[in-house]
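The values are calculated or read from the model by the stated rules, or taken from the named source; none is laboratory data. Not measured: the values here are computed from a predicted model. Every residue, glycine among them, receives a Cβ derived from its backbone with ideal geometry; neighbour counts consider all protein chains shown.
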Amino acid sequence: MIVQRTPIDGLLVIEPQAFEDERGYLVETWSRDRFRAAGLPTEFAQDNVSRSARGVLRGLHFQYGRPQGKLVTTPDGEVFDVAVDLRRASPTFGRWWGCTLSAANHRQLWIPPGFAHGFLVLSDHALVAYKCTEPYDPAAQGTILWNDPDIGIDWPEQPRLISPKDRAARPLRAVAEWLPAGR
């Protein structure tokens, strides 16, 4: 397992080892011992899987009060996955970073608590699986506008389908005052 840092503190790309042959491949997506040795979380509260069609954009979602850390992977298809730093005390507050996660590259993105998360599907369909450090709390969910000009995410394609909730999201500056101050 290779762990790569990104320009945003705490946000990491994880490249697990893939064992490939003529049958396909096997990837160990999570190991308590390997994650512990790398200083990554070893306890998760829930797992989620979403399936989406090409051009679907989901996000930018976050949870306040009990923010979730997420270990994100794409076991089928390809997505452009994005995290936005919402930690008000962070020197990178409001900055985003993204990468392609796919079944072909086996990459994972570790998004620590205090970030918004979203993705755009680049393949005909994609499965996105993520482990969360805290349970989902619908009363504490927030959404930031996917195309907030103050954040300036450079999406690789225009989305084709965005949920009404995500289209109605507010810009970061409208929600910044009730975000956690943590770093």
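Of note:
- Qualifying position, being surrounded by 12 or more Cβ atoms within 10 Å (Cβ to Cβ), in contact with a Cys (Cβ under 9 Å, 6 or more places away or on another chain) and not hydroxyl-bearing (Ser, Thr, Tyr), among LEU161, LEU127, LEU120, LEU109: LEU109
- Which listed residue, of ALA104, ALA83, ALA116, ALA37, is in contact (Cβ under 8 Å) with a residue 60 or more places away in the chain and either under 30 Å from TRP178 (Cβ atoms) or not β-branched (Val, Ile, Thr) (or both): ALA83
- Only listed residue being small (Gly, Ala, Ser) and in contact with a helix residue (DSSP H, G or I) (Cβ under 9 Å, 6 or more places away or on another chain), chosen from GLY59, GLY69: GLY59
- Residue in the range 135-183 that is nearest to TRP97 (Cα to Cα), counting only those that are of a type in the set (Lys, Arg) and part of a loop (DSSP other than H, G, I, E, B): ARG183
- Test: TRP97 is assigned to a loop (DSSP other than H, G, I, E, B) and either surrounded by fewer than 16 Cβ atoms within 10 Å (Cβ to Cβ) or modelled with pLDDT of 95 or more (or both): no
- Some residue of the range 72-85 being under 22 Å from ILE151 (Cα atoms) and surrounded by fewer than 22 Cβ atoms within 10 Å (Cβ to Cβ): yes
- Any hit, the range 137-146, residues being over 17 Å from ILE8 (Cβ atoms), free of Cβ contacts under 8 Å to residues at least 12 places away in the same chain and among the hydrophobic types (A, V, I, L, M, F, W, C): yes
Conditions (1) of a type in the set (Gly, Ala, Ser); (2) out of contact with any Asp or Glu (no Cβ under 9 Å at 6 or more places or on another chain); (3) free of Cβ contacts under 8 Å to residues at least 60 places away in the same chain, marked per residue:
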site	(1), (2), (3)
THR29	no, yes, no
SER52	yes, yes, no
GLY55	yes, no, no
GLN68	no, no, no
